[in-house]
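S.K.: Got a structure for you, questions after.
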Amino acid sequence: MKGFLREFHPIVSVLLFGNVFINLFKSMSYPYFAIYLAGRTELDIKVIGLVIGIGAFTGIIGSFWGGYVSDVIGRRKMMLLSLLISGVVYMGYTWIKSEYLIVIFIIIGGFFISLFEPVSKALISDMTPPDKRLRAFSYRYTGTNIGYAVGPLLGSFMGITGNAMPFLLMAIAYFIYLLILQVLLKIFGIQKIEEESIEQIHLKQVWKAIRSDFALQYFIAGGILSTIVYGLWSVPLSIYLTNQVEQGEKLFSILLSVNAATVIFLQPLLARKMEKISPFLLIMAGSALFALGEIGFGMTAMWWVFIFSMLIFSIGEILVIPSEYMLIDQITPNGMRGSYYGAQSFIGLGLVIGPWLSNLILDLFGAKTMFLIMAFIAISSILFYWRGMHHSKMNLRNHPLQKAKATR
């Protein structure tokens, strides 16, 4: 633990631990949000799904605008505002019963909750040496999985899933995180760092840069395809296992544990080795593992095949997700890191498309076809990343950090 704390700037360490803290409580509430709304309001379940989808879409918009505004007004103000509004929204979920107010809060929550992500990632990148950034993003992703692995079990043990208590705890968690960050950002003089790194930019410049940056566009397109496959993989898999595999619900619970355990234990072990490899090669290998995992899911109903396929699929997550961040980091101009990370948030469209597309294919053509198409999409994403690498003129085989060291 001491070594970990010495490895990164104290603010980065707080952001990494805070990520675990927030996702621990979020996983107690968010997976049960639709059930909670159905019991608390008169909204039809289809309308609830539509409203939650709209919230996710406003979240994508918020991620981009949050990144842009953070480049202009600073990381500190944007992060603290996001945490404050997010806490208020979750507090509102505990007492609001009006359907109209619920819809408004979901839209506001989707927007402001998403503001924190690109800003925090940009701040981690700002305050971490280039040779440690991939490691920091890997730890961040591991922290998310720790939160989601422990949270639902803790909530179930406490008997609070599906009621208002998790949302109240989530609100309190946001307020506590807000206070801790506010104090530490002042102690470590984050405002001074911002003044040194922020350039005066305008919205037209941002749009012009993104429209003309073909590498960024291809990376986002590849990210959308990847997210279709790995973003909400649990939705089609749970439906398939529950309806077509004997004791499918029990198997699904095991697969969730295998996924979380694989990421939690292997991510730290692989993080240092991944720093020596090109992010593109890591994404290419991870996408191939996604495809193999999907093919394995569709091969047979034997449990050991599912478990082994989930292990393969999970290693693909470990390789792809932090590497996506690194590709964006390497093409980002000075002073526009927040905007580029915000633009990358558009890969969240895959979270909207994935469950809808996979369930549609599952219903029309069956599970084997669905898994094969998901495997094809995973492989197809490599083409877009390759085109992005071509436009960025980065070396496909060597890690940029290695090249920089070699020229010193």
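S.K.: What ranking of THR369, THR332 emerges when the number of other C-beta atoms within 10 Å of each C-beta is taken as an exposure proxy, fewest first?
M.R.: Ranked by crowding around the Cβ, least crowded first: THR369, THR332.
S.K.: Which ³J(HN,Hα) values in Hz, rounded to whole numbers, follow from the phi angles of the stretch 255-267 under the Karplus curve 6.51 cos²θ - 1.76 cosθ + 1.60, where θ = phi - 60° and Gly and Pro get x?
M.R.: 5, 4, 5, 4, 4, 5, 5, 4, 5, 5, 8, 8, 4
S.K.: Extending each Cα 7 Å along its Cβ direction at ILE96 and ALA261, get the distance between those two points in nm, one decimal.
M.R.: Roughly 4.0 nm, to one decimal.
S.K.: Give me the distance in nm between label points sitting 7 Å out from Cα along the Cα-to-Cβ direction at LYS77 and ALA56, one decimal.
M.R.: Each label point is offset 7 Å from its Cα along the Cβ direction, giving 3.3 nm.
S.K.: Using every Cα-Cα pair within the stretch 218-377, state what percent have a distance larger than 20 Å.
M.R.: Distances greater than 20 Å cover 51 percent of the Cα pairs.
S.K.: Compute the separation of the alpha-carbon centres of the stretch 339-367 and the stretch 298-333 and state it in Å as a whole number.
M.R.: 16
S.K.: Report the full-extension gain for the segment TRP356 to LYS250: residue separation times 0.36 nm, less the Cα-Cα distance, to one decimal in nm.
M.R.: 35.7 nm
S.K.: Measure off 7 Å from each Cα along the Cα-to-Cβ vector at LEU84 and VAL305, then give the distance between these two points in nanometres to one decimal.
M.R.: So the two model labels end up 5.6 nm from each other.
S.K.: Here is a follow-up. Treating the beta-carbon of each Lys and Arg as +1 and of each Asp and Glu as -1, no other charges, what is the dipole magnitude of the stretch 204-393 about its Cα centre, to the nearest 20 debye?
M.R.: 660
S.K.: Out of residues 5 or more away from SER278 or on other chains, whose amide H comes under 5 Å of its own, with H placed 1.01 Å from N in the peptide plane?
M.R.: Result for SER278 returns HIS399.
S.K.: Continuing with this model, one more query. How high is the FRET efficiency from ARG211 to LEU179, r the C-beta distance, R0 56 Å, rounded to 0.05?
M.R.: 0.90
S.K.: Let me ask something additional. Tell me, in nm to one decimal, what length is gained between ARG272 and MET158 on full extension, where the rule is 0.36 nm per residue of separation less the Cα-Cα distance?
M.R.: 37.3 nm
Every number in this text was worked out from the coordinates using simple rules, so none of it is lab data. These figures come from a predicted structure and were not determined experimentally. Note: ideal-geometry Cβ built from the backbone for every residue, glycine included; neighbour counts use all protein chains shown.
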